[in-house]
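The values are calculated or read from the model by the stated rules, or taken from the named source; none is laboratory data. In this text, all values refer to a predicted model and were calculated from it rather than measured experimentally. Using ideal geometry, Cβ is built from the backbone for each residue, glycine included, and neighbour counts are taken over all protein chains shown.
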Amino acid sequence: MRLAVIVTEYPKFTETFILRDVMKFLESGADVRLYHLAPYNSSEVLHEFARPTRAIARHVGLVSPRTLASFTAGLGRLAGPLTVIGAQQGGKPVLAGKSAVVSVAASAIARELADWGADHVHAEFAGHPATAAWVIHRLTGIPYSVSCRAHDIFRTQRLLAEKLGEAAFVRTISNFGRAFLASHVRGLRAEDIQVIHSSVDVESIPQLGPPSQDGPFHVVYVGSLQVRKGVDVLLRALAATDIPDWRCSLAGDGPERAELEALAADLGLRERVRFLGKQDFAAVSTLYESANVIAVPSVIGPAGRTEGIPNVAIEGLAFQRPVISTNVSGIPELIRPGETGFLIEPGSVADLLRALEDVQANPAAAYAIARQGRRLVEEEFSLAANARRQLDLFRTHSAAALGRAAE
């Protein structure tokens with residue numbers, strides 16, 4: 001099948017789960033085009049496993065003659081979507097303006113996909129990618145679907161009824177997300193929403209033995225450095241711990257890095273905490289292997305920005321390492337207290353401190369829990385299985401399938 005996948009940015013360090021799905025779609029024989037709405041992001045790391053996606057990544061410039069020609073030719077049919085955007089987002093002029101700009105780009109993508117004979121369009125995230133897919137559908141009739149994850153649905157529900165309501169199917173990554181959409185978006189029913197978790201290639205990750213107890217107790221954090229990740233909570237817990245010998249590795253970058261480095265210095269942690277910046281997956285895998293515990297101290301950030309189910313928590317359990325995370329969004333569907341991990345309340349330094357010290361004091365019990373976490377990942381978060389489910393849905397709802405059904 002001919003499948004178009006739409007994202008906002010490419011590459012993006014924190015969205016490796018999307019590129020892993022795309023790689024599986026390619027391996028399964030699908031002809032895939034990966035459209036990124038923003039220009040190529042040369043400041044980001046493109047992981048080695050995802051390098052083949054460079055050949056299928058495409059960006060449509062807003063000021064190109066082809067884009068302007070497509071926009072002019074489709075202006076009559078664009079009037080409907082633009083009117084809906086104005087009605088739904090008119091009170092938020094910046095948001096409405098961005099959606100209008102995305103619509104212009106979508107008109108050019110629509111022309112390319114019609115010429116190509118695309119069977120299906122899949123939008124990764126319910127924000128701008130879903131807007132583009134919705135406009136493309138309005139212009140061409142090509143069926144589309146949307147993956148809903150976290151802040152893309154939690155921050156605002158403007159335009160979601162239209163974008164998700166016209167989709168061939170809607171996928172979310174957690175039962176929490178499905179319940180949220182069903183209760184916040186008119187016309188959507190829980191039974192009509194597919195829950196397919198974000199996934200890791202667990203089959204390619206070897207089952208590791210217990211973490212080494214030689215040397216310092218190693219705390220690992222992997223992810224962006226921004227408020228919703230709760231890294232400040234981790235630093236404060238480490239400053240208060242009685243664990244005699246520990247070190248912490250922070251892999252990632254983001255807008256809070258300078259403040260977090262200053263906080264680590266103020267807390268007297270500079271010699272024990274390493275800010276590693278962005279790391280490719282090979283380096284991150286080495287960190288997982290050396291970890292005694294993986295901390296995922298997510299909180300609800302400004303404007304409701306928060307997690308779905310963080311991929312680092314899934315990856316950590318795939319590597320059979322104890323994971324501490326918080327009772328936010330869909331995280332309890334993965335981190336089940338005393339069964340697959342250690343679940344604490346978001347923002348609680350005291351809770352995180354106790355969990356860290358519990359893992360350090362009882363390494364055999366913590367490892368047994370991590371092994372159970374690995375089994376859950378194999379059952380529900382397998383990349384191979386979940387990519388296959390998505391492809392089956394794409395094929396069922398593709399233009400080719402719908403055309404055959406109409407004959």
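Report, by residue number, each residue of the range 227-246 that is free of Cβ contacts under 8 Å to residues at least 60 places away in the same chain and either surrounded by fewer than 17 Cβ atoms within 10 Å (Cβ to Cβ) or of a type in the set (S, T, N, Q) (or both). Of everything in the range 227-246, those that are free of Cβ contacts under 8 Å to residues at least 60 places away in the same chain and either surrounded by fewer than 17 Cβ atoms within 10 Å (Cβ to Cβ) or of a type in the set (S, T, N, Q) (or both) turn out to be PRO244, ASP245. Considering every residue within the range 58-79, establish whether at least one is closer than 18 Å to ALA4 by Cβ, at pLDDT 95 or above and not in a helix (DSSP H, G or I). Among the residues of the range 58-79, at least one is closer than 18 Å to ALA4 by Cβ, at pLDDT 95 or above and not in a helix (DSSP H, G or I), which makes the answer yes.
Taking the numbered list (1) in a loop (DSSP other than H, G, I, E, B); (2) surrounded by fewer than 19 Cβ atoms within 10 Å (Cβ to Cβ); (3) in contact with a strand residue (DSSP E or B) (Cβ under 7 Å, 6 or more places away or on another chain) in turn, TYR10 passes all entries but (2).
Checked against (1) closer than 24 Å to GLN360 by Cβ; (2) assigned to a helix (DSSP H, G or I); (3) more than 23 Å from the chain's Cα centre (by Cα), ASP232 meets all criteria but (3).
Selection of the range 20-64 for residues being in contact (Cβ under 8 Å) with a residue 60 or more places away in the chain and of a type in the set (Asp, Glu) yields ASP21, GLU44, GLU48.
All of ARG336, ARG321, ARG354 fail the test of being within 12 Å of LEU376 (Cα to Cα) and not aliphatic (A, V, I, L, M), apart from ARG336. None of ALA401, ALA387, ALA365 is aliphatic (A, V, I, L, M), in the same structural domain as ARG236 (by TED's automatic domain parsing), in a helix (DSSP H, G or I) and out of contact with any strand residue (DSSP E or B) (no Cβ under 7 Å at 6 or more places or on another chain) except ALA365.
Beta carbons closer than 7 Å, at least 6 apart along the sequence or on distinct chains, pair a first residue in the range 312-329 that is surrounded by 24 or more Cβ atoms within 10 Å (Cβ to Cβ) with a second that is at pLDDT 95 or above and basic (Lys, Arg) for LEU317/ARG374; ALA318/ARG374; GLN320/ARG371; GLN320/ARG374.
Right, SER107: buried (at least 23 other Cβ atoms within 10 Å of the Cβ), closer than 16 Å to ILE6 by Cα, of a type in the set (Ser, Thr, Tyr) and in contact with a strand residue (DSSP E or B) (Cβ under 9 Å, 6 or more places away or on another chain) or not? Outline the logic, then answer.
Values: buried (at least 23 other Cβ atoms within 10 Å of the Cβ): yes; closer than 16 Å to ILE6 by Cα: yes; of a type in the set (Ser, Thr, Tyr): yes; in contact with a strand residue (DSSP E or B) (Cβ under 9 Å, 6 or more places away or on another chain): no.
No, not satisfied.
The C-beta contact set for the range 381-407 (first residue among the charged types (D, E, K, R), second residue modelled with pLDDT under 80, distance under 9 angstrom, 6+ apart or interchain) comprises ARG395/ALA401. Restricting attention to the range 272-300, the residues being in contact with a Cys (Cβ under 7 Å, 6 or more places away or on another chain) and over 15 Å from VAL231 (Cβ atoms) number 0.
Among the residues here, ARG305 qualifies as crowded, with 16+ Cβ neighbours inside 10 Å and in contact with a His (Cβ under 7 Å, 6 or more places away or on another chain).
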